[in-house]
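Peer 1: I have a structure I would like to understand better, so I am pasting it below and will then ask my questions one at a time.
The values are calculated or read from the model by the stated rules, or taken from the named source; none is laboratory data. Note that the structure is predicted; figures quoted are calculated from it, not measured. Cβ coordinates were reconstructed from backbone atoms using ideal geometry, including for glycine residues, and neighbour counts include every protein chain displayed.
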Amino acid sequence: MDASKRAPVTRETMIETALRLLDEVGLDGLTVRRLAAELGVRSPALYWHIRTKQELLDGMAEAMVLAAGMGPPKEGETWQEWLARRARSYRDSLLAHRDGARIVSTAGQLGPATLRMFNEELAAMVARGFTPVLALRTITTLSHYVTGFVLQTQSPRTVTGPAAERLAAVVEQLDGGAAAP
């Protein structure tokens, strides 16, 4: 792409482009070099906006979390309804991107917007009678559960080698191939 016709590279365009590339090539295929080529620049130009690949991955994780529309319950929504809506929305946001759960689960640090939303959620739970510790445990447990569920959903299901042989032996025993003691 001609540099004069290229859109300016910003942190936001880098994250948007990286998320698009993630869907195409997966986390293992996403490299700084590939991102730079997609943006029409050389790799060192990216480091003006994001210092490390981990910082890029953190930005991608934050974009997915923010896309889930998290925040406190809506007017008239019970905490149970809110937690169910929050879990579904978070799940959908992670599933919207190939390897989305891997990105979020390896995030080193989320940004101020995510922390602000999380703080609003905690305050809403406390206002509904939860202790601060119980509110924190409830929200983080739900988030970790959803992340784990999506990790399992998005991971390859192929078992090969010695693990496949052990799995076949277990299946044979479960199917009645081995006499019960």
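Peer 1: Give the number of residues within the stretch 118-155 that are among the charged types (D, E, K, R), part of a helix (DSSP H, G or I) and in contact with a helix residue (DSSP H, G or I) (Cβ under 9 Å, 6 or more places away or on another chain). Full working, then the answer.
Peer 2: Initial filter on the stretch 118-155 (among the charged types (D, E, K, R)): 120-121, 128, 137.
Retained after the next criterion (residues that are part of a helix (DSSP H, G or I)): 120-121, 137.
From the residues that got through so far, the ones that are in contact with a helix residue (DSSP H, G or I) (Cβ under 9 Å, 6 or more places away or on another chain) too are 121.
Of the residues in the stretch 118-155, 1 are among the charged types (D, E, K, R), part of a helix (DSSP H, G or I) and in contact with a helix residue (DSSP H, G or I) (Cβ under 9 Å, 6 or more places away or on another chain).
Peer 1: Another one. Answer yes or no: is there a residue in the stretch 87-100 that is in contact (Cβ under 8 Å) with a residue 12 or more places away in the chain, over 19 Å from the mean Cα position of the chain (by Cα) and either closer than 30 Å to I50 by Cβ or surrounded by fewer than 18 Cβ atoms within 10 Å (Cβ to Cβ) (or both).
Peer 2: Taking every residue of the stretch 87-100 in turn, none turns out to be in contact (Cβ under 8 Å) with a residue 12 or more places away in the chain, over 19 Å from the mean Cα position of the chain (by Cα) and either closer than 30 Å to I50 by Cβ or surrounded by fewer than 18 Cβ atoms within 10 Å (Cβ to Cβ) (or both).
Peer 1: Under 6 Å between Cβ atoms, which residue pairs at least 6 apart in sequence (or on different chains) link something in the stretch 35-60 that is closer than 22 Å to A113 by Cα with a partner that is surrounded by fewer than 17 Cβ atoms within 10 Å (Cβ to Cβ)?
Peer 2: H49/R11; Q54/G108; D58/G108; D58/Q109
Peer 1: Would you mind stating whether R20 is basic (K, R), out of contact with any Lys or Arg (no Cβ under 8 Å at 6 or more places or on another chain), exposed (fewer than 14 other Cβ atoms within 10 Å of the Cβ) and at pLDDT 95 or above?
Peer 2: yes
Peer 1: Mind telling me which of the residues A7, A18 ends up being part of a helix (DSSP H, G or I) and either under 19 Å from A124 (Cα atoms) or of a type in the set (A, V, I, L, M) (or both)?
Peer 2: A18
Peer 1: Please state which one of A101, A127 is over 21 Å from D23 (Cβ atoms) and of a type in the set (G, A, S).
Peer 2: Answer to the selection: A127.
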